[in-house]
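Take a look at the structure below.
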Amino acid sequence: MSTHRRSHHHTSSSRRRSSVSDPADTISVASSDLSKTPASPAGINSLLHVLVKQSSYSGAGALVLAFCVFSFTQFSNILVPPQPRAESISPLRRSLQEENFNSQDYLIPIVDPSSSKDVGILWQESPFALSVNSYYQCMGKRITGKIEQNGAMSTHVDIQEDWTDAMAKLALMPADISGLVKSGEVDDLLVATDQPMAAVKSLLSEKQKGKILGIFHHPVESVAFLFSQLNHSENIPQYREKFIANMESDLLVKKIVGIKPTDEVSVADLKVAMDFVREYVVVGLMSEQEESIRRFNKALGLDTRLSSNCTAGSESVALDEEQRIAPNSAEWNAISMKSPLDMMLYKFMEKLFEEQVEIFDESYDLATHSDQVLWNDTFNPSHLADFDGSYPNELETPFLWHVPRSGGSHVQDFYWCLGSTLANQVGGEPRFNKIVPRHLLKEFQPWKEHGNEAKVLNVDMSTRNGIVHAKSLGLLSQKDVPKPDLIFSTQFYYLSTILFSSQHKARVFSLFRHPVDRAFSRFRSLQTVNKAWANLSVEEWAAQDNDEANWMVRQLVHKNQDETVTIKDLDAAKAIVRDKFVVGLCEKYQESLHRFNKLLGIDIDDAKYAKCVQAHGISPEGSAKVAKGSPAYVTLMSVNFLDAMLYQYVEELFESQGELFNY
């Protein structure tokens, strides 16, 4: 973890903003740094030698050779600061205040926490930032958009075309992204782009706001990486030789203030860019990637406990040692002088990175750690529909939370019998890989050849990775893919936080069983499959098997077996069940099934219904039970005390919810 965390006193938002050094001071300091070492032809040739000496000069490498020859004859012109042009400034040149939109109305200041309905704009100026994409995809985010490395080197943009509009089109591919945002279906959406202002202008509005998260790399090192790419790649689709002489200078500043790459910028433009970044950009640095991700997660309101299986940096690309440019060398300063305002802006960003830590370690913590911490730290409750006795609407999906050994599988079979399409663990089993593809969401009948008409989706809802994969295929979020009638899974937390959203909520119901009876049923089942436990007493098993200890409470509040569950966790679990669940009891199976059917709008007059009730409507509760007061009962009760308290509360809820089902 980065060392940028530090102790400090609480300050107000206005004080934090003013604590950042005035942009004019940064401009003055950076200007003096840039003038220390003048560029020299020798230095330029040295850089070229480093960048091109490994090139291939034959076959598929012809394009690279063309670049190298072209560079030697024109590279000096590229690196020398451009001379002022005689023609008037293009009418496209506008400061942020003169644009057709007001960014202050469209963007959320960095000091204000975001909500799940806000659009995240991931500004990826660094060519090394693909690992950040991979991290957020692993976290369950939908990454959409198109990153263009260089506008002036794009194969799609004509030199005479309106650059702002053209880059807006390119940066926001696929084309339907604007409709996606305007529809309000933005939960877990990150727009990845290197054209942030085009994204703001094209996608956001006063009603649909967003927050910019920027990951930046030193401008000189970014240029070095670009030349390395051109030197080593045999196919550069963005490369256009005629644009080499017009390679962009001060591109960062130009993007922010809405200026074409071929136009000029001034210190006034730099001041506008600095003010904008200070107010509206969560600054991240590739040199501090772990700390940057931590801040992004806070800005997005993500539960970082989800990230234990996700890492950022595994796909990072680094320059070889011989390709690096030494700071303050002739090459370094020649490139710096090509983009002096970007260099000043980056220095300003480094200062912001140091100072923004106060915002994310104070303001965000104060906003999220309140009286509702037990609930909000578990997941966003807006992802689950409140239970009020109404039917699910078309944007809600029934979710049967399966408590093992409680009759849930019996309920699953009943709905299969009725012809429902389920998303559970079956569709993701490897044995069906030859039947259905894995890159598209499909409905299929896995046992049709055996006369079983059960229908499933080709996803696995039993694991976190399976849920992330299902989300990436568009499950629930896309209209043109199959939608299940019912989701069946034990994974309450991951489904709640990853798959469901405030636009596509879950309507949750579950069948509960007394935890002592449930634990004893599991013990008897394990004895039949594991000979080592055949002669083990239930007391001995309970003492050494901790996987079952307070399983329900742990699942609801997302605590693993290494974490202690407390009465506060029990209270949080009760609140979740009370507000979000239709509860059923295994010992009152038929009555519970009737409530579930009413919730789902099942037609009980259908001929198939009577047939399925006859086949699957009998209580699955077994006859083997532990006698109350026996040593085994006392042992299992002590191990599952919090679950027992939760079950007692569920029994009370079952009685009170009966009024909503005309009981």
Residue count, the stretch 246-294 (criterion: among the β-branched types (Val, Ile, Thr) and modelled with pLDDT under 85)
2
Taking the stretch 645-656 as the region of interest, how many residues are over 36 Å from the mean Cα position of the chain (by Cα) and in contact (Cβ under 8 Å) with a residue 40 or more places away in the chain?
2
What about TYR364, is it at pLDDT below 85, assigned to a helix (DSSP H, G or I) and surrounded by fewer than 22 Cβ atoms within 10 Å (Cβ to Cβ)?
yes
Considering every residue within the stretch 512-533, establish whether at least one is closer than 20 Å to PHE581 by Cα, modelled with pLDDT of 90 or more, crowded, with 20+ Cβ neighbours inside 10 Å and aliphatic (A, V, I, L, M).
no
Kindly indicate the residue of the stretch 542-573 that is within 25 Å of the chain's Cα centre (by Cα) and not in a helix (DSSP H, G or I) and also surrounded by the fewest Cβ atoms within 10 Å (Cβ to Cβ) among those meeting that condition.
ASN560
Tell me yes or no: at least one residue of the stretch 194-204 is touching a helix residue (DSSP H, G or I) at 6+ places or on another chain (Cβ under 8 Å), modelled with pLDDT under 60, surrounded by 19 or more Cβ atoms within 10 Å (Cβ to Cβ) and in a helix (DSSP H, G or I).
no
Output the number of residues of the stretch 416-437 satisfying the condition of being within 20 Å of ILE604 (Cα to Cα) and within 26 Å of the chain's Cα centre (by Cα).
1
Selection within the stretch 438-477 - small (Gly, Ala, Ser), closer than 17 Å to PHE399 by Cα and in a helix (DSSP H, G or I)
GLY466, ALA470
With respect to the numbered conditions (1) under 30 Å from the mean Cα position of the chain (by Cα); (2) acidic (Asp, Glu); (3) closer than 15 Å to VAL456 by Cβ, which one is the sole condition not fulfilled by ASP413?
(1)
Filtering the stretch 259-279 down to residues that are of a type outside the set (Val, Ile, Thr), in contact with a helix residue (DSSP H, G or I) (Cβ under 6 Å, 6 or more places away or on another chain) and not in a helix (DSSP H, G or I) yields LYS260, PRO261
In this structure, is PHE596 crowded, with 19+ Cβ neighbours inside 10 Å, assigned by TED's automatic domain parsing to the domain that holds GLN555 and of a type outside the set (Lys, Arg)?
yes
Within the stretch 590-604, identify whether any single residue is at pLDDT below 90 and farther than 27 Å from SER390 by Cβ, and answer yes or no.
no
Answer yes or no as to whether PHE399 is in contact with a strand residue (DSSP E or B) (Cβ under 8 Å, 6 or more places away or on another chain), in contact (Cβ under 8 Å) with a residue 40 or more places away in the chain, part of a loop (DSSP other than H, G, I, E, B) and under 26 Å from CYS612 (Cβ atoms).
no
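The values are calculated or read from the model by the stated rules, or taken from the named source; none is laboratory data. Here the structure is a predicted model, which is why all the values come from computation and not from measurement. Note that each Cβ is placed from the backbone with ideal geometry, even for glycine, and that neighbours are counted across all protein chains shown.
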